[in-house]
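The structure under discussion appears below in the form of structure tokens.
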Amino acid sequence: MANHFLEISKVGIEFPTQNGVFTALKDVDFKIDKGEFVSIIGHSGCGKSTVLNIIAGLYRATYGGVILEGKEVTDPGPDRAVVFQSHALMPWLSVYENVALGVEQVFKGQKTAAEMKDWVEHNLALVKMDHAMHKMPHEISGGMKQRVGIARCLAMQPKVMLMDEPFGALDALTRANLQDSVMEIQKELDTTVVLITHDVDEAVLMSDKIVMMSNGPAAKVGEILDIELERPRERVALSKSDQFNYYRQQVLSFLYEKKGVVSFDAAKKTQQETSSDVIEKQAG
Amino acid sequence: MTAITNNAQSKSDESNQLLASVGKYLSGIDIKSIVYPMMGIIIFLFIWSVAASRIDTSLGQFPGPAHVLEQSKSLYQEYQAEQDKAAAFYQRQEDRNAKKLAKNPEANVKIRKYTGKETFFAQILTSLKTVLFGFLVASLFAIPLGVVCGLSDAVYKGMNPLIQIFKPVSPLAWLPLITMVVSALYVSDDPWFEKSFLNSAFTVALCCLWPTLINTAVGVANVDKDLLNVSRVIRLPALTHVRKIILPASVPMIFTGLRLSLATGWMVLIAAEMLSQNPGLGKFVWDEFQNGSSNSLARIMVAVLAIGLIGFALDRIILIAQKVVSWDKQAVLR
Ligand SMILES: Nc1ncnc2c1ncn2[C@@H]1O[C@H](COP(=O)(O)OP(=O)(O)O)[C@@H](O)[C@H]1O
Ligand SMILES: [Mg+2]
């Protein structure tokens, strides 16, 4: 088996609910290379956030597991920093302090106070938020908050940057702006990114690979689509490109024609695999 | 209003400026927020005086506003008279000691404290000290305990039956127990605190405990999940997590608890003082009642109003503290 940078290996998860056990994910399996930009797309409620939370270590998979650089993920950590949809900035800390909170913890004993300050400021500059460093979260717009969330994530120098619908709550223009910023930063730093989205254009524009998830319960990976578009990508030019529209159409057809349902053959195949080599695990 | 204006004009520019800013502040206030409360008070005074004139008690007519105002003045005069007596006493003592020392520099001079009658204002001060001490002691226990309960489901489940059983108990029921325990355990030749003070304060503390404890626990348990996840991703150590995430996030709920605690503590204190004859406003009320002069009811009414005003002021002080401490400056504070 080839060693991949990040492996999501036959992940299944069950939640205890009032009406018994709810199987949210079953046999979710895909691999990510270093520096790759991967989107996970699927209908609302199919289990995208759950996948991301398992990679982050915030949830523990019931079956299977996540392997990052050959090591199994068991708990959350700054090497898999998360950008939350709700931005999750501490409202009592300034923009600067929110980023510094992570930096001070992650680089404790590695950087001097002055180096940390420079590093926080550098990351805020990267997301173009250095001008509002000393503002409080309630004083800045939604898009700016999300930029700070991204800076906080980047400042931890994660091996993988996990983003859960980070642009979902933003208006179209702000969203486009932020998408461009993230693509620029990702190119510059060569970070590995996992982006959750339900926006087809966003997925095609930004990703190297789109993981399409079937509807839950027991959601799995339906299809994986490689996006071979030149970078840097320019949204206006791309919208006229046939290749872009072809990819777009592929994703749309998965989501709406196949209704996010995996074909019968594929379903049968994965079922057989499950019964043969499921690794049971204690839920964390 | 006019009196203030006249005074200010005769003073320096500075106070004119102050007045201007006060004026600006006042013009910023919705006129209704002044007129309506004023109307409320005037209507209340009217109803009070009419009703009072129709109620005859064995201690004479029920006091109306005018009678109460007169008695509040007389209470203040008694206080001043007592102050003068105290000053005179100390003056005499000093003179005497000075004379003694002049005769014999080695003389053993005694300094005695003046022990006059407890005035109304002395009783207010005692009650304030007691309630603040009890409140402080309770908060020192309730906040950390609330944080632990909010953080740990196991601790919360373990504490919950105790909280539910002890919360509805009137602290007055504790009073005899506390009194006995304090006299048994607090034996010291040179005590920091009077026993009666400790009895009242611990009774207050027992009832201040619950609202703060419960509200803190609820606040801590309901911190936004995403913020907790951020803390987990950053891997903040437990204590830093509490200090930097949990406490700031639950500040609004902690203060809600503190306000409830202090309000009930103040109410209970008056009752405890009445019941146990410990010094304070409650004792003042009880003594006046026993005294049974024609002015007693009016003097009790002065105490009632003072209790209300002080309770209101205490609540405002906590609100101001909350505004200073809390990050949530936009929260509507009532
Ligand atoms: N902690 C949990 N307990 C029970 N059910 C959960 C939990 N987290 C997620 N689920 C369920 O798992 C499914 C997938 O949720 P989620 O991953 O949030 O979907 P998405 O992000 O794709 O919209 C949903 O049906 C949701 O109700
Ligand atoms: Mg989601």
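The values are calculated or read from the model by the stated rules, or taken from the named source; none is laboratory data. All figures in this text were calculated on a predicted structure; none of them were measured in a lab. So basically every Cβ, Gly included, is an ideal-geometry build from the backbone, and we count neighbours across all protein chains shown.
Below, the figures for the structure above:
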{"read-out": "Segment B:125-158: number of residues that are farther than 28 Å from B:PHE312 by Cα and without any contact (Cβ under 8 Å) to a residue 24 or more places away in the chain", "value": "7"}
{"read-out": "Elements of type helices (runs of 4 or more DSSP H) in segment B:230-293, at least 1 residues being touching a residue at least 40 places away in the same chain (Cβ under 8 Å), within 14 Å of chain A (Cβ to nearest Cβ) and among the hydrophobic types (A, V, I, L, M, F, W, C)", "value": "B:247-276"}
{"read-out": "Hits in segment A:151-183 (condition: of a type outside the set (D, E, K, R), buried (at least 23 other Cβ atoms within 10 Å of the Cβ), more than 25 Å from A:HIS4 (Cα to Cα) and out of contact with any Lys or Arg (no Cβ under 9 Å at 6 or more places or on another chain))", "value": "A:ALA151, A:PRO166"}
{"read-out": "Single condition A:PRO76 does not satisfy, out of (1) within 16 Å of ligand 2 (Cβ to nearest atom); (2) at pLDDT 95 or above; (3) facing chain B (nearest Cβ under 9 Å)", "value": "(1)"}
{"read-out": "Matching option when the condition is at pLDDT below 95 and not in a loop (DSSP other than H, G, I, E, B), among B:ALA303, B:ALA313, B:ALA331", "value": "B:ALA303"}
{"read-out": "Elements of type strands (runs of 3 or more DSSP E) in segment A:5-82, at least 3 residues being closer than 20 Å to B:LYS225 by Cβ", "value": "A:6-17, A:20-32"}
{"read-out": "Any hit, segment A:88-109, residues being within 16 Å of ligand 2 (Cβ to nearest atom), facing chain B (nearest Cβ under 9 Å) and in contact (Cβ under 8 Å) with a residue 60 or more places away in the chain", "value": "yes"}
{"read-out": "Qualifying residue in segment B:315-327 (condition: polar (S, T, N, Q) and within 14 Å of chain A (Cβ to nearest Cβ))", "value": "yes"}
{"read-out": "Unique match (being hydroxyl-bearing (Ser, Thr, Tyr) and within 16 Å of ligand 2 (Cβ to nearest atom)) among A:SER207, A:SER181, A:SER214", "value": "A:SER214"}
{"read-out": "Inter-residue pairs, beta-carbon under 9 Å, first under 13 Å from B:VAL137 (Cβ atoms) and touching a residue at least 12 places away in the same chain (Cβ under 8 Å) and in segment B:182-204, second buried (at least 18 other Cβ atoms within 10 Å of the Cβ) and charged (D, E, K, R), 6+ apart", "value": "B:SER200/B:GLU273"}
{"read-out": "Pair list, Cβ under 8 Å, 6 or more apart: segment B:56-70 residue modelled with pLDDT of 90 or more, other residue in a helix (DSSP H, G or I) and of a type in the set (Val, Ile, Thr)", "value": "B:VAL68/B:VAL302"}
{"read-out": "Flag for A:VAL211 being at pLDDT 90 or above and either within 13 Å of ligand 1 (Cβ to nearest atom) or assigned to a loop (DSSP other than H, G, I, E, B) (or both)", "value": "yes"}
{"read-out": "Segment A:171-197 residues that are on the phi > 0 side of the Ramachandran plot, paired with ones that are more than 16 Å from ligand 1 (Cβ to nearest atom) (beta carbon under 6 Å, 6 or more apart)", "value": "A:ASP190/A:GLY35"}
{"read-out": "Any hit, segment B:146-163, residues being at pLDDT below 90 and surrounded by 18 or more Cβ atoms within 10 Å (Cβ to Cβ)", "value": "no"}
{"read-out": "Single unsatisfied condition, A:GLY70 versus (1) more than 10 Å from chain B (Cβ to nearest Cβ); (2) surrounded by fewer than 22 Cβ atoms within 10 Å (Cβ to Cβ); (3) at pLDDT 95 or above", "value": "(3)"}
{"read-out": "Number of positions in segment A:26-59 that are within 13 Å of ligand 2 (Cβ to nearest atom), crowded, with 17+ Cβ neighbours inside 10 Å and away from chain B (no Cβ under 14 Å)", "value": "8"}
{"read-out": "Test result for A:THR62, within 15 Å of ligand 1 (Cβ to nearest atom), among the polar types (S, T, N, Q) and in contact with a Ser or Thr (Cβ under 9 Å, 6 or more places away or on another chain)", "value": "yes"}
{"read-out": "Every residue from segment B:204-229 that is more than 22 Å from A:TYR59 (Cβ to Cβ) and within 14 Å of another protein chain (Cβ to nearest Cβ)", "value": "B:GLY219"}
{"read-out": "Condition broken by A:PHE84, with the remaining ones in (1) within 16 Å of ligand 2 (Cβ to nearest atom); (2) within 10 Å of chain B (Cβ to nearest Cβ); (3) more than 21 Å from A:THR191 (Cα to Cα) satisfied", "value": "(3)"}
